[in-house]
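This report refers to the structure that appears directly beneath it.
The values are calculated or read from the model by the stated rules, or taken from the named source; none is laboratory data. Keep in mind that what you see is a predicted model, and the values were worked out from it rather than measured. Neighbour counts run over all protein chains shown; Cβ positions are idealised from the backbone, glycine included.
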Amino acid sequence: MRILILGGTTEASALARCLAGRSEFSPVLSMAGRTSDPRPLPIPTRIGGFGGVEGLAGFLAKERIEAVIDATHPFAALMSRNAAEACGRMHVPLLALRRPPWTPQEGDRWIEVSAMEDAVRALGEEPRRVFLTVGRLELPPFAAAPQHTYLVRTIEPIGKALPVPNVIAIQDRAPFDEAAERVLMERERVEIVVTKNSGGAATYPKVAAARALGLPVIVVRRPEKPRGVEEVASADAALEWLERRHGRTP
């Protein structure tokens, strides 16, 4: 069974490992290529885009893909829309592997916003020390608020993505630890945290640490994903879906 996994998440990686060595499946993992040194996985992997809906539909036909798993990042809305349209056009079954979003807990001081530009405005006019954890590609809007000091953590070097006077750049990769996050925030005298509502356990410790320290957190809501697509929340559930489609008993 030829399977295309649209990856970029820990769930996609977990599913790839589940499928490795299973003779009844022939999976390929597709990565967008935003990380220059992705962790290797034990299944064939392609890097780069498809060229929109037309390109993805052509790939499905050429590779005789029989099922697609959309395990892209919760904020990769365009790729999810393209997948839904291409799979519908080519009559290829599509499953969305979407981790649940975080929800505010007792003690959280969340400020929820709908877009990155709204997060910039929510920081206010007074200079603050901001822990910015939204990814390298989401940094440019914050250049509109150069009065703040930004502690920026990304996987890739930020380059000139945030041209403001006071930037402290950290390169690191999840998973993170709550105790270490608290130490980092206290050492850098962080006053407010900005994050996307990515969900999952790997980056949640910053939210828990902010709660413990009584810090406000600006949380950018997830974009709308295509409706009418069957969803599961874990790699195990996605594997069961594939096994059912293959006619096997999980």
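Miscellaneous remarks
- Tally of residues being under 30 Å from residue 190 (Cβ atoms) and not in a loop (DSSP other than H, G, I, E, B) across segment 209-250: 10
- Segment 99-117 residues that are more than 26 Å from residue 232 (Cα to Cα), paired with ones that are acidic (Asp, Glu) (beta carbon under 7 Å, 6 or more apart): 116/138
- Qualifying position, being out of contact with any helix residue (DSSP H, G or I) (no Cβ under 8 Å at 6 or more places or on another chain), assigned by TED's automatic domain parsing to the domain that holds residue 230 and aromatic (Phe, Trp, Tyr), among 75, 50, 25: 75
- Close pairs (7 angstrom Cβ cut-off, 6 or more residues apart or separate chains): over 18 Å from residue 111 (Cα atoms) in segment 181-198, part of a strand (DSSP E or B) anywhere: 185/131; 188/129; 188/151; 188/168; 189/129
- Residues in segment 130-162 that are among the small types (Gly, Ala, Ser) and touching a strand residue (DSSP E or B) at 6+ places or on another chain (Cβ under 8 Å): 135 alone.
- Of all the listed residues (46, 39, 22), the sole one being out of contact with any Lys or Arg (no Cβ under 7 Å at 6 or more places or on another chain), at pLDDT 90 or above and under 30 Å from residue 159 (Cα atoms) is 46.
- First in segment 202-217 and crowded, with 18+ Cβ neighbours inside 10 Å and among the acidic types (Asp, Glu), second anywhere and in a strand (DSSP E or B) and at pLDDT below 95, Cβ under 8 Å, 6 or more apart: none
- Criterion: surrounded by 19 or more Cβ atoms within 10 Å (Cβ to Cβ) and touching a Pro at 6+ places or on another chain (Cβ under 6 Å) - qualifying residue of 181, 243: 181
- One residue stands out in segment 58-82 among those that are assigned to a helix (DSSP H, G or I) and of a type in the set (A, V, I, L, M, F, W, C): the one that is farthest from the chain's Cα centre (by Cα), namely 61.
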